[in-house]
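Take a look at the structure below.
Values in this text are rule-based calculations from the coordinates and carry no lab data. It should be emphasised that the depicted structure is a prediction, and the values quoted were computed from it without experimental measurement. For neighbour counting, all protein chains shown are included, and Cβ atoms are generated from backbone atoms with ideal geometry for every residue, glycine included.
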Amino acid sequence: MRFALPFIISAALIAGCTSTDNHAVKESDLLHHNFILTSVDGSTIADSGKQRRPLNIEFGENMHISGAMCNNFMGKGTLENGVLTAKQLASTRMACFDEQISKLDQVIADMLAKGANVNLDNGTLTLTTPEHVLTYTLRDRVN
């Protein structure tokens, strides 16, 4: 038995590493929710939730994604195995005076085109790629 124990533990560890993640975010977790951007790559963003045009992302029927950085964006998303993708986002083309926020238009477009890992934990939504991390806080428009 003493010799079998390491093999049993190894088999259990390997099985655990190859199983699917039952905690992956599902479309129903995001549906009809609005999230306000709170940080980019670990740097806090001023609370834009009280502004007329908050920096946000929201999810509608059939994974319709919309939101705003400097410009408004919208498109059809897919969520598979915890990865959110929106290959063809449409966007307005307004000029922005805040250079930092202006850069976020391209950041969100690139992240969603390539596919971003999604985590949702206690109202905090995190979109992650190797290049960027966007953190949002749940703030639905209607309570």
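Treating cross-link reach as a plain straight distance, find the lysines whose alpha-carbon is under 20 Å from the alpha-carbon of residue 26, omitting any fewer than eight places away in the same chain.
Partners within reach: 76, 87, 114.
Could you pull out the trypsin sites (Lys or Arg not before Pro) across segment 26-86 that fall in loop regions by DSSP (anything but H, G, I, E, B) with no more than 16 other Cβ atoms inside 10 Å?
26, 50, 52
Apply the a/c threshold of 1.5 to the C-alpha gyration tensor of segment 32-132 and tell me whether it is rounded, prolate or oblate.
Rounded shape, in that the Cα axes give a/c under 1.5.
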